[in-house]
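The values are calculated or read from the model by the stated rules, or taken from the named source; none is laboratory data. These numbers come from a predicted model, not from an experiment. Note: ideal-geometry Cβ built from the backbone for every residue, glycine included; neighbour counts use all protein chains shown. The accessibility values were calculated without ligands, DNA or RNA, using every heavy atom of the protein model including side chains. Shrake-Rupley method; radii C 1.70, N 1.55, O 1.52, S 1.80 Å.
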Amino acid sequence: MKHFLVLFFLHGVLCNGSLLTTSLESMVTWKGSCVLIPCQINETLHFANLTLPTVVWYFQPSSAYTLLDYSGHLIYDSSKTLKDHVNLTSPHFQDRVQFVGDLAIGDCSLMITQLRMNDSGTYTAKVATLGENQDGQQMFQSTKVHVREKPPEPKIEAMRVGTQEWWTMKVICSASYHCPDEPMMLILHGLEKHLPKRTIINRIIQTIVSFEPTWEEERKKVTCLLTSKDGSEKSKSTLQLDVKHGPLGVQLVLLNDLPIKEGDNVRLNCSVSRSLPDDNWYNWAKSDSHTVEHRYSGPKVLTFPATPGPATSYKCEACNWVGCTSSQTVTVDIHFAPKDVKIWKGAPKYIDEGSIVQLRCQVGMANPRNFTYTWYHDGQKLNATDEMLIFPEIVFAQSGNYWCEVSNSVGTNISPRVQLQVICYQCYRTPLSIALSPLASWKGSCVWIPCYINESPHTVLSISVLWYFDPDIWYDYSDHLLYDSSKTPMDQVNLTSADFQGRVSFVGDLSNADCSLMITQLQPKDSGTYRTRVLASITDYPWPLKRFLSATVNVTESPPAPKIETVPVRIREGKITKVICSAPYHCPEENITLTFSGLEEHRLSLEDTTIENGVVRTVLNFEPNFEDHGKVLTCLLRTKWCLELMSHLIWPRDGYIKTCRFMCSSKFCVFGQCFFWFILSLLPAVAPREVRALADTEEVVRVDHSLQLRCEVGMANPQDLTYEWYKNEEQLELVSTDVLLTIKQVRRKHIGIYHCEARNKVGMSRSLPIELKHFCGGIILQLRGDSPPNPKIMLYPAQIQEGTRTQVICSVSYHCPDEPVMVIISGLEKEHVLSQRTTYVDRVVKRELSFQPTWKDHKKWLTCVLKSHNGTELSQNTMELDVKHAPKGILLKATPGVTVQEGKKLSLKCMVNSSYPAVFHYQWYKNDIKRYEWLDKDNMEFNPIREQDSGRYKCRAENEVGFNNSKELTIDVQYPPKETKVICSACGGYVKERDQVVLQCSSKGNPPVSYYEWYKVNQQSIISSHEELHFESIQPSDSSTYFCRVYNDIGNSTSPSVTLDVQYGPRDVHVSLNIQEAIIEGKDVSLRCENDANPSAKIYSWYWNGEVIAQKTTQLLELQKIQVGQSGDYFCKVSNQVAEGESLPMALIVSYSRATVLKHTLIGLGIVLALTILLGLLVLGLRRWKKNIDSATGGTQRSSSFFVKKAKAEKLCNNNNRENEEERDGCVGFLNQGPEDPTIYAAVQFPPSFSDGRVVYARGQEDAKPDYENVSKMEEEVHYSSLVNLAPQPGPTYTDSETDSETEDIIHYAALKHCSS
């Protein structure tokens, strides 16, 4: 059915405006509630004022187009009377419809109460009005009402959900409100500490809480309750707050075990305890003693290789879009083996026998610096463990190569070899010599001029030294004095030339024959000749020896460009090449370095730097390949004085090396570092360079054998070359393009000096000469060129294996006994060498060496060196060892590390340091058990890794030689706490008050749980932070639902809740009455036994005046139509399974009603009247009886006391009857006779008609007289007795102990009153 608004004029004219409005088109309410449907007539929208409005309300109407009206379930018509309205209203809505509007003010609202589910539908109001012109019009307005089974859930929302910490947040709870008769409230749970604001606007009730959120409100649940006026819950909605805040609890943790060694992977974890949002990024900062703080972005776990260097400080910064938080600083101290180990030799190249020589083993970098030193001499271990190796008097036998081995806790390193050449006086007969050589330095630097007196085998008795600068007299210097050893330091200052004041230091030690001098702060004008005069007294010489020696010093404006060269000169792919960069170094106070650049970093790591003989030298060994063609290799010289110089190597297209030197063109400084820039100018065309004449053999040329010479050009542009050959400077007739000169049969006529010339259009260049010379008896011709032949090196067997004895043979042809040579093999540790010897057979010098190779010898280079008799290196050859061995250095590497979080990815890689041949089989083990599923894989992945993947892993690598295992690697899979639960041993039964109860929070996590939190349900604060929650004496107030939350470094977990129900016996037991006014007989009275017990009391015992009167299972004792006799003390006893409790007595007083009081009053008055009459009759009877008695007995006295019992045809007799008892028919009398008193008798006669309650008067007379009216007052005594009939009581009845009658007797007492006149 369509719901719409239709406005009709009664005459059929459609109105253009809406005169009838409701504020709501759709309303939602619930079963049992009510709904007020608003309706308002707008009188002045388009028309004049409307009058005489009437309203009719329909439910689910249908349109009657023919009538231009609605028809349907009529529920209200304002034009009808109340009586008519009842008959007209649809039966479904009878007594549930209220018109709450006021048509006088245009309000046509209607309210439906006691809503039912089938009340849902459309309610339409039809308003009929008359305008000023009596024009009638009808207006229709519909509202749809939805009745639900239960109240709808309130709407809860948070304004600015994506808030930052400390921003204002509004939590709004709202619900529709359509029933004024049923007030509703909205209550927000979870934000109790904030003051709520409640409003009702447009039938919407709202509760608003505004607060500044903190991280503690993160993911907090807020509940909105819709409650009725009495507080009962109707419905509720829950909202989880989403409070954004920056990272909190940022900690930087070093994940490595200490100490960290070189080669390890350093892992720094930037952990965050909480962050919202948790999509954090991380910034890292590091600094050390040499560099300022360097900042960069990185991952949460920063992994980098441990490299040598100073201790470095790191800190991390965790950020999200809210803000950033920094961690504390963590210092990473890398332990590494000694680096840059070298030997400083304070001695000349040639050392006089008997001199003092000191070798110092210097270490550039190491951590820790607690060293152990070992010294070697030609492979032999020396008994020296100090940093200094001192020769007090060196001898010729101590000549040779020395090196030192330095060890710390991390590893070992070996220095380059240092050669000591000791001059033997006995061999050369030189009693005294001084070693000086040309020296080079630069402005601002220093120069150390070495000076040593070679005295061995003689003893120097005394020495004096004088130093001069550019002296004028050659024989005995006398000008520009720099130093005089015979002067005191004070005199020395005055003697020194003014140009050198404060810049000259004598660094020698004359007691050790060291006469060295140092000049500092050099200037270009300091260039020149420095001369020394040494005067020495030597044994075996009767006169003093005087020596005059000089050294040339050249001081330049800047350091000289380093020299760069290669060995061999011609570079070939795959052939190991040695690049040597060197520069003069004569200033120990200034540390200079030579470094290479231009190749990959890992290839440059093989640099080896040495300083000896006034030269700093850096050697780089690498294997060139075709990709290196055209690269530029740079050698950079750095000094502490902010200087840098470079030399370049360029690989040209023809395969030869070109050396280019650069001139400094500009200089600038940035942050204390200086740079020199060099400009390279290459000519577009060059004449032939590096022209060499080479022979096709390096052996001796015999007579009649052929010989071929080749002219080789290193560099030329253009390459169209012509060649010319010369013998003894005479040109040979050959074709100009012939590169080769061929001699088919060598004869004596071919002896001579040959060279070649290469020419292009730019110019010409000639080679160095090569000589064919006849020697040794004229039988053999020797080919002599620019260098001696290289020795041959061979291995037996050719294929060697670890542990197998191997022989190395180094040989060279030897044809000139006049020039003896030596062959030396180097490259192996001495402990590996088993034996070695040198032989001369068939004009061949052989050096044979036997050794047992190990895997560490694999890829080592053996060097065979040819030396002259005086130790000069002539040539050399090298060979790389290929040692077959089982896999060595097996390392199991975990990425990202051995500690990994569950769910992440972990990779294990089995890395082999060395294996020859290559590994062909891998085997994996977990906890010493083979894992066949990973067979023949060098790596395995866990993605994702699980808790059960923790364990000890190792791998085995195998080749055709053998196998080896890696060390075990323990993988620690970490995960947040799980399986969290509360263990309560007492919770299975019941917990009694004052019991000791312990709740234990059990959880499993890795790392173990580090923090506990205990909570009560519906309570936000933490009640304990220990693993166990103790109740030493539990109280009922501790009854609640508990749960715990646990934390470790990975996350947290919350346990299911456990309810503690503390049980206790009844307490605060008391009796309450259901009425407050006075208790009147006949009313119903209820007594309630009030108490507090857990569990509730089951048995109630009621007591009245100490006696049990009822035992119930309910609290009520009902006394229906209570009587006065039920007054008394009431109390109750209650019990449950824990204990019993008792109330204090409550006095219950029941009063008579007015009717009873009136009845008792009338009865009393009647009894009094009856007794009065009876008494009168009794008195009258007694008087008559007295007269009769007196006349009969003659005045016998009677006893004055008696009692009367109503006659019932039985006798009141018992064993206690007195002897003088007299009995008459119808009366009973007892005589109470005293021993001395006069006896007085009284007799009462009761006729048969005598009724109960009468008063009987008896009169006794002591002396019988016939006429007692005339007795005087002094003589007469009157005794009265009254008989009272006592009604039976509702309480217990009592019986006379002196009667044996079994019948129910009513005893009447008579009291006799003795009155004396």
Say R0 is 30 Å: what FRET efficiency, to the nearest 0.05, do residue 401 and residue 339 get from their beta-carbon distance? 0.90
Estimated vicinal HN-Hα couplings, Hz - region 851-867 in sequence order (Karplus 6.51, -1.76, 1.60; Gly, Pro = x): 8, 10, x, 10, 5, 5, 7, 5, 6, 6, 9, 8, 10, 10, 10, 9, 10
Only Cα pairs under 8 Å and at least 6 apart count here; give the relative contact order of region 347-417 as a rounded whole percent. 36
Farthest positive-ward along region 833-989 dipole, Cα basis, beta-carbon charges - from 871, 838, 965: 871
Cα-projected label distance for residue 1160 with residue 117, points at 7 Å along beta-carbon direction, nm: 6.4
What is the calculated FRET efficiency for residue 1057 to residue 970, with r their C-beta to C-beta distance and R₀ = 45 Å, to the nearest 0.05? 0.75
For region 340-414, with only Lys/Arg (+1) and Asp/Glu (-1) charged at the beta-carbon, what is the dipole magnitude about the Cα centre, in debye rounded to 20? 240
So, with points 7 Å from each Cα along the Cβ direction, the residue 1118-residue 25 label distance in nm works out to 5.9
In whole Hz, with x marking every Gly and Pro, tabulate ³J(HN,Hα) for region 1037-1045 from phi via Karplus 6.51 cos²θ - 1.76 cosθ + 1.60, θ = phi - 60°. 5, 7, 5, 5, 9, 10, 8, 10, 10
In square angstrom, rounded to the nearest 10, how much accessible surface does residue 934 have for a 1.4 Å probe? 30
With a 1.4 Å probe and every protein chain left in place, tell me how much accessible area residue 1173 has, in Å² to the nearest 10. 100
Compute the distance in nm between two label points, each set 7 Å from the Cα along the Cα-to-Cβ direction, one at residue 1183 and one at residue 60. 10.4
Return the long-range amide H neighbours of residue 1153 (sequence gap of 5 or more, or a different chain), with a cut-off of under 5 Å between placed amide H atoms. 1081
Fully extended, how many nm does the chain gain between residue 419 and residue 329 (0.36 nm per residue separation, minus their Cα-Cα distance)? 27.6 nm
Treating only the Cβ atoms of Lys and Arg (+1) and Asp and Glu (-1) as charged, compute the dipole magnitude of region 1025-1174 about its Cα centre; round to the nearest 20 debye. 1040
Report, by chain and number, residues whose modeled amide H sits under 5 Å from the one on residue 958, excluding near sequence neighbours (fewer than 5 apart, same chain). 920, 921
Determine how large the accessible area of residue 902 is when every protein chain is in place; take a 1.4 Å probe and give Å² rounded to the nearest 10. 70
Counting other Cβ atoms within 10 Å, keep those with at most 10, restrict to DSSP loop, and tell me which GluC sites (Glu not before Pro) in region 1069-1171 are left. 1077
If DNA, RNA and ligands are ignored and the probe is 1.4 Å, what is the ranking of 248, 891 by accessible area, most exposed first? 891, 248
Förster-model FRET efficiency, 41 Å R0, residue 365 and residue 920, C-beta, rounded to 0.05: 0.55
Table column - 3J(HN,Hα) (Hz), region 336-346, Karplus curve with 6.51, -1.76, 1.60, x for Gly and Pro: 8, 5, x, 10, 6, 6, 8, 10, 8, 10, x
Taking the dipole of region 703-766 about the Cα centre (Lys, Arg +1; Asp, Glu -1; charges at Cβ), the one of 709, 746, 763 that reaches farthest to the positive side is 746
Can you list residues whose amide H is under 5 Å from residue 367's amide H, if they're 5+ apart or on another chain and H is modeled 1.01 Å from N? 336
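As a test of reading the structure, rank 869, 1030 by solvent-accessible area (1.4 Å probe, protein chains only), most first.
869, 1030
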Based on the mean of other Cβ atoms within 10 Å per residue, sort peptides 103-115, 1156-1168, 253-265 so the most packed one is first. 103-115, 253-265, 1156-1168
Considering only protein heavy atoms, with the full assembly of protein chains and a 1.4 angstrom probe, order 140, 1031, 920 by accessible area, largest first. 920, 1031, 140
Defining a contact as two alpha carbons under 8 Å apart and six or more residues distant in sequence, what relative contact order in percent does region 249-387 show? 21
